[in-house]
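First up is the structure itself, then whatever we jot down about it.
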Amino acid sequence: LVWGTNLLLGSVVPGNNPALIGVMIVVVALLFTPVRLKLQGKVDAFFFRGQSIHQEAIQKFSGELTRLVDLSKIIQLLRRYVGENLNPSKLHIFIRDPLTDQYFATVTEDTTPRSDLRFSKDSALVQSLNAEKNSLFLNDYDHLPQSLLPDKSRLAILNAQLFVALPGQKNLIGWLALGSRKSGEPYRRQDLAFIESLSDQTALAI
């Protein structure tokens, strides 16, 4: 732009004039800043659309959860939101039975148990979820962490990829076991934040 102006004006305003260069920088900034901001908005919307969708779902979940007092309804709500937003190939929700001190798989809407497996409070999986306080990934059942080897056979039957705790004050209330996503996509950081938020709210409600 400075070179072109120099050609047009010749020696009247030389191209190396500091004032001219300053004016050109301001003009360029004024012209291109709106374009850059618009483009940045489109890029952010594309790459972070999942995050905004998850945030909206969390708010809706919170609103619906406050109106529920029945355990089965709470579990159904959690199952629906996880299924609709993450679309896992399988979803088990285990809840602690205070009478037997064991964790059992809750039933689906058609009252069918997702699994017949039960885990005691001293089982390797329960101890790991209590200790980790985070989501637990299991991608390779042939190379499990040493702490989970006692539950290897039962974990293989579940064949889940992601385990998310329902934390309690003293004891683990339960956990979610999710299979891989039907879409083939991996679970991303925002997906983990989403399901952990749902789990924390569910645990408080229970």
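The values are calculated or read from the model by the stated rules, or taken from the named source; none is laboratory data. Note that the structure is a prediction, hence the values are computed from the model and not measured. Note that we place each Cβ from the backbone using ideal geometry, even for glycine, and neighbour counts take in every protein chain shown. These area figures cover heavy atoms from the full protein model, side chains too; ligands, DNA and RNA do not enter into them. Shrake-Rupley method; radii C 1.70, N 1.55, O 1.52, S 1.80 Å.
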Counted residues, segment 51-76 - those being out of contact with any Phe, Trp or Tyr (no Cβ under 9 Å at 6 or more places or on another chain), of a type outside the set (A, V, I, L, M, F, W, C), part of a helix (DSSP H, G or I) and open to solvent by less than 90 Å² (accessible area, probe 1.4 Å): 5
Among the residues that make up segment 123-136, is at least one of them at pLDDT 90 or above and in a loop (DSSP other than H, G, I, E, B)? yes
How many residues are over 15 Å from residue 166 (Cα atoms) and in a helix (DSSP H, G or I) if we restrict to segment 77-92? 6
Can you find, within segment 1-38, the residue that is modelled with the lowest pLDDT among those that are among the β-branched types (Val, Ile, Thr) and open to solvent by 100 Å² or more (accessible area, probe 1.4 Å)? 12
Starting from residues that are basic (Lys, Arg) and touching a strand residue (DSSP E or B) at 6+ places or on another chain (Cβ under 6 Å), keep the ones in segment 98-122 and report whichever is modelled with the lowest pLDDT. 114
Members of segment 165-205 found to be open to solvent by less than 30 Å² (accessible area, probe 1.4 Å), under 17 Å from residue 81 (Cβ atoms) and in a loop (DSSP other than H, G, I, E, B), listed by number: 179, 187
Applying the selection to segment 138-181, what residues are modelled with pLDDT under 90 and aromatic (Phe, Trp, Tyr)? 141
Residues satisfying the stated conditions in segment 133-156, i.e. under 16 Å from residue 119 (Cβ atoms) and either open to solvent by 40 Å² or more (accessible area, probe 1.4 Å) or touching a residue at least 24 places away in the same chain (Cβ under 8 Å) (or both): 136, 138, 147, 148, 149, 150, 151, 152, 153, 154, 155, 156
